[in-house]
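Let me begin by presenting the structure, written as structure tokens, before commenting on it.
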Amino acid sequence: MILPKGLVSAGDPIDFVLPGHRVFLGCDRPLKLDCGVELSEFPVAYQAYGRLNKDGSNAILVCHALTGDQFMAESHPLTHKEGWWDLMVGPGKPLDTMHYFVLCVNVLGGCMGSAGPSEINPETGEAWGLSFPVITIADMVRAQAMLLDHLGIEKLFAVIGGSMGGMQVLEWAASFPQRVFAAVPIAAAAHHTAQNIAFHEVGRQAIMADPDWCGGEYWRYGKRPHRGLAVARMAAHITYLSEPKLHEKFGRRLQDREGLTYGFDADFQVESYLRHQGISFVERFDANSYLYITRAMDYFDMAARYGGGLANAFVDTPIRFCVISFTSDWLYPTVESRRIVHALNAVAANVSFAEIVSNGGHDAFLLDEPKFHRVLTGFLGGAAQHRGLPKTPTG
Amino acid sequence: MSAAYPKAMRADLQLIADMIEPGSRVLDVGCADGALLDYLVNEKGVDGRGIELGADGVNACVSAGLSVIQGDAETDLFDYPDHAFDYVVLSQTLQAMRAPKSTLEQLLRVGRHAIVSLPNFAHWRLRWHLVVSGRMPVNPTLPYEWYETPNIHLCTIRDFVILCRKMRVTIERSISLDRNGVPRRFGRSLYMVNLFGEQAVFLLRT
């Protein structure tokens, strides 16, 4: 598989091979998207860790967040940095690959091998660009369900995800209650608030205001809207942190200089850090994908789809839930998790809920938070016992 | 009984556990570190859930694989549908509630039965302490000084029985515990129970 077009500018080597697995789905029966468009023969890229046991009962699906991808527990093929959930997934870790078969799928609309605006539209032979249909969280989940059909996995032991991954977890629980044994939405919400949408709109406007975006057809001109995407990332990154975390990390400290320069250079460490975040992000992410995926999140409103009552989405659910939030997360604050818990209580669902004390902000789910890891490990252990999974490693 | 169970449970918790039918659905309100829930789930095959206010307790419970939510019973009980559980347990917590009467109503709405344990403020030692020293009693059952106690609605066994009567709540079983945790059924004389019971456990239904 070669690198998707959106990530290739003129002069880049295009024989880069994306590792991992990739299959084409929807060949017999197309995927009907919420917007009405049908996708047939579309690619889905995924990565798998551990071994599936004989009866296929130890599969965990991890759903990644907005800018994540399927390379959660290995060196990233583009950045060569460690996987975004290296701390969580592996032998002896909370998602112990000696016991569980752990899957992560690049979301629909993404840019690491699954169908998205930077992939080729089979009908035209060129990249989709903005002609790619607008997708939703539910569409992402349906595509994942089709992958499980393809892999012959009838029921997941658990579906786990943070942030947008948590939205997919909720969608899984509501749409496929018989295919999920345990569900863990982390730092998530059942809808996007006006504030959430507002921040995303800032990011999208930054991308579209970059002249190199070229009306969404930048690849035609050998360009990429680096500056716009970097600004979008910088603005978003602030929402993933917390004031105490920023204070602890940077305070008002200056960047490699004795005093203020009375100019617009990155005087402060925090500026330098954000610039770095922006620049390193554009190396691995496609600007149009950013537009599509943020849109999918903005459209997410589970209660609205279930007659205005979130609880209606979970009536008679057989799933064991574990809802987790972080005290300093102001993007998807605890009150949003509590809303989910209240809805689950209203249908007397089996639910655990822990608010973890952390100053890591929204991104705390990616950090080394021992209490969080203990809670998740314990919940999975209890669920495994109820599922009757053996205590000995698989394979 | 539970002689084989490795962890020794508080005497009142053991009494509560013995009131619960195996395999039933139980909500433990204020489940602390989950000692009772753990016993019920693992020894009596109960479908057990818990609510706990303190983050440490919640983390301990969930880390042990128990289904517990971090929440405030005085607001969160309202979420549950009617008779979602066979038993709703409230041990040594009613006296710390802002609104004990409405909490009791909620317990009996959410559960077919409620099991409530509470310290008895009319125990003779407390009465004697108050009479002799003229100060609020501090003892193993009520270990806090008045200025830091979470127990804002203390009552006596007699008070609680009268409240149940007023609310038309049926007391199916009532057991008192003396200082050494030895249980005694309520006999004829509420006066004696109210004098010698250090705490009491009630099995209730509407």
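Observations on the structure shown:
- Interface between chains B and A: roughly 1700 Å² of accessible area buried, both sides summed (probe 1.4 Å, protein heavy atoms only).
- Longest exposed-site-free window of chain A, the sites being GluC sites (Glu not before Pro) in a DSSP loop that have at most 16 other C-beta atoms within 10 Å: A:284-395
- When all protein chains stay in place and ligands, DNA and RNA are ignored, the 1.4 Å accessible-area order of B:ASP47, A:ASP210, A:ASP34, largest first, is A:ASP34, B:ASP47, A:ASP210.
- Restriction of the trypsin sites (Lys or Arg not before Pro) in region B:104-206 to DSSP coil positions whose beta-carbon has at most 10 other beta-carbons within 10 angstrom yields B:ARG135, B:ARG168, B:ARG188.
- Candidate lysines - alpha carbon under 25 Å from B:LYS166, same-chain residues fewer than 8 apart omitted: B:LYS101
- Average beta carbon contacts from partner chains per residue of B:105-118, 10 Å cutoff: 0
- For B:ASP28, the residues whose amide H sits under 5 Å from its own are B:ARG49, B:GLY50, B:ILE51, B:VAL89, ignoring neighbours fewer than 5 places away on the same chain, with H placed 1.01 Å from N.
- Cα-based shape type of region B:11-205, given that a ≥ b ≥ c are square roots of the gyration tensor eigenvalues and the cut on a/c is 1.5: prolate
- Distance-filtered residues of region B:111-125 - backbone nitrogen under 20 Å, label point 7 angstrom along B:VAL182 Cα→Cβ: B:120, B:123-125
- Members of A:LYS81/A:LYS249; A:LYS54/A:LYS155; A:LYS93/A:LYS245; A:LYS93/A:LYS371; A:LYS93/A:LYS391; A:LYS245/A:LYS371 lying beyond 23 Å, as alpha-carbon distances in this model show: A:LYS93/A:LYS245
- Accessible surface of chain A [probe 1.4 Å, protein heavy atoms]: carbon and sulfur percent: 54 percent
- Counting Lys and Arg as +1 and Asp and Glu as -1 over every other residue whose Cβ lies under 10 Å from the Cβ of A:THR79, the net charge comes to 0.
- Annotation: amide H-H contacts under 5 Å for A:CYS322 (H modelled 1.01 Å from N, sequence separation of 5 or more, or interchain): A:ALA183, A:VAL184, A:SER352.
- Student exercise, chain B dipole from Lys, Arg, Asp, Glu Cβ charges, in Debye to nearest 20: 1080 debye
- For B:72-84, mean number of other protein chain Cβ atoms within 10 Å: 3
- Exposure ranking of A:THR79, B:THR75 by accessible area [1.4 Å probe, largest first]: B:THR75, A:THR79
- Cα lying deepest toward the dipole's positive end in the protein assembly as shown, options A:SER75, B:LEU66, A:LEU380, charges on Cβ: B:LEU66
- Taking every DSSP bridge with both residues inside the protein assembly as shown, close to 40 percent are antiparallel.
- Chymotrypsin sites (Phe, Trp or Tyr not before Pro), loop per DSSP, at most 10 other Cβ atoms within 10 Å - longest free stretch of chain A: A:1-261
- Rg over Rh [alpha-carbon atoms, Kirkwood Rh] for the protein assembly as shown: 1.06
- With a cut-off of 18 Å on the backbone N, the residues of region B:102-127 near the modelled label site 7 Å out from B:THR206 along Cα-Cβ are B:102-116.
- Comparing mean-square fluctuations of A:VAL335, A:VAL351, A:VAL102 from a GNM of chain A with C-alpha springs under 10 Å, the top value falls on A:VAL335.
- Net charge contributed by nearby residues that have their C-beta within less than 11 Å of A:SER242 (K/R +1, D/E -1): -2
- About its Cα centre, the protein assembly as shown has a charge dipole of approximately 2240 debye under the convention of +1 per Lys or Arg Cβ and -1 per Asp or Glu Cβ, with nothing else charged.
- DSSP-loop chymotrypsin sites (Phe, Trp or Tyr not before Pro) across region B:71-179, with at most 15 other Cβ within 10 angstrom: B:TYR144, B:TRP146, B:TYR147
- Chain A: most fluctuating residue of A:LYS155, A:LYS223, A:LYS54 per GNM, C-alpha cutoff 10 Å: A:LYS54
- Reachable aspartates and glutamates from A:LYS32, criterion Cα separation under 13 angstrom, eight or more residues apart if same chain: A:GLU41, A:ASP139
- For chain B, the membrane-span-like helix rule (DSSP H, alpha carbon extent of at least 30 Å along the helix axis, mean Kyte-Doolittle at least 1.0) picks out no helix; this says nothing about an actual membrane.
- Rounded to the nearest 20, the Cβ-based charge dipole of region A:263-395 about its Cα centre (Lys and Arg +1, Asp and Glu -1) stands at 800 debye.
- Taking amide H as placed 1.01 Å from N in the peptide plane, A:GLY83 has its amide H under 5 Å from the amide H of A:GLU74, A:SER75, A:HIS76, each at least 5 places away in sequence or on another chain.
The values are calculated or read from the model by the stated rules, or taken from the named source; none is laboratory data. Fair warning: this is a prediction, and the values are worked out from it, not measured in the lab. Cβ sites come from the backbone with ideal geometry, for glycine too, and all protein chains shown count toward neighbours. Remember, those area values only see protein heavy atoms, side chains included, never the ligands or the DNA or RNA. Shrake-Rupley method; radii C 1.70, N 1.55, O 1.52, S 1.80 Å.
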